[in-house]
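Asks: Could you have a look at this structure, given as structure tokens, before my questions?
The values are calculated or read from the model by the stated rules, or taken from the named source; none is laboratory data. Predicted, not measured: the structure shown is a model, and the values here were computed from it. Every residue, glycine as well, gets a Cβ built from its backbone with ideal geometry; the counts of neighbours run over all protein chains shown.
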Amino acid sequence: MTDSTLNGPILIVEDEWLIGDMVQTMLQEAGYDTIGPSASVADARSLIDEFSPAFVVLDINLGAEQSFAIVDLLTARGVGYVLVSGYGSADLPSAYRHCPLVEKPLTSDGLISTVRRLIGNHQRVDC
């Protein structure tokens with residue numbers, strides 16, 4: 001089943017395989033098509049170019065790199081996203097503190113309600 005408000009899949013960007021798999025399961029059980037998980041900035045860029053996702057669930061810390069370059073790319077393309085982190089928004093660089101954020105540990109209700117709200121509002125936050 002595909003969410004009718006989306007014109008493409010949701011990309012999952014998460015370097016921890018178990019968390020990425022859990023996020024994918026949560027989204028699919030809620031009726032969303034997914035791609036990924038992607039574990040690096042380079043791979044995420046490639047999947048964004050190849051599949052044009054309609055929305056992205058994006059972990060901030062991807063091993064030794066951070067995903068803020070992907071946030072900038074998504075913002076420039078007008079693609080909705082939510083950041084996922086074990087840290088609160090106050091711990092983010094100032095340019096990204098107003099980005100939508102779901103804190104780890106993730107719950108299905110918390111993630112899905114945030115994704116639905118952001119997709120439903122067609123919210124685009126310029127960070």
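Asks: Only one of these is outside any helix (DSSP H, G or I), over 21 Å from Arg116 (Cα atoms) and charged (D, E, K, R): Asp43, Asp15, Asp72. Name it.
Replies: Answer to the selection: Asp15.
Asks: Could you list, in sequence order, the residues of region 101-121 that are closer than 14 Å to Gln28 by Cα and under 13 Å from the mean Cα position of the chain (by Cα)?
Replies: Within region 101-121, Leu111, Ile112, Val115, Arg116 meet the criteria.
Asks: Please count how many residues of region 18-39 are part of a loop (DSSP other than H, G, I, E, B) and either in contact with a strand residue (DSSP E or B) (Cβ under 6 Å, 6 or more places away or on another chain) or free of Cβ contacts under 8 Å to residues at least 12 places away in the same chain (or both).
Replies: 1
Asks: Between residues in region 63-89 that are surrounded by 14 or more Cβ atoms within 10 Å (Cβ to Cβ) and modelled with pLDDT of 95 or more and residues that are part of a helix (DSSP H, G or I) and among the hydroxyl-bearing types (Ser, Thr, Tyr), which pairs lie under 7 Å by C-beta distance while being six or more apart or on different chains?
Replies: Phe68/Tyr96; Val71/Tyr96; Val82/Thr114
Asks: Separate question: When you check Ser52 against the structure, is it surrounded by 14 or more Cβ atoms within 10 Å (Cβ to Cβ) and among the small types (Gly, Ala, Ser), yes or no?
Replies: Spelling it out, it is not the case that Ser52 is surrounded by 14 or more Cβ atoms within 10 Å (Cβ to Cβ) and among the small types (Gly, Ala, Ser).
Asks: Okay, next question. How many residues, within region 97-111, are crowded, with 18+ Cβ neighbours inside 10 Å and part of a helix (DSSP H, G or I)?
Replies: Looking only at that region, the number is 1.
Asks: Quickly run through region 1-51 and pick out the residues that are of a type in the set (S, T, N, Q) and more than 21 Å from Glu103 (Cα to Cα).
Replies: Result: Thr2, Ser4, Thr5, Asn7, Ser46.
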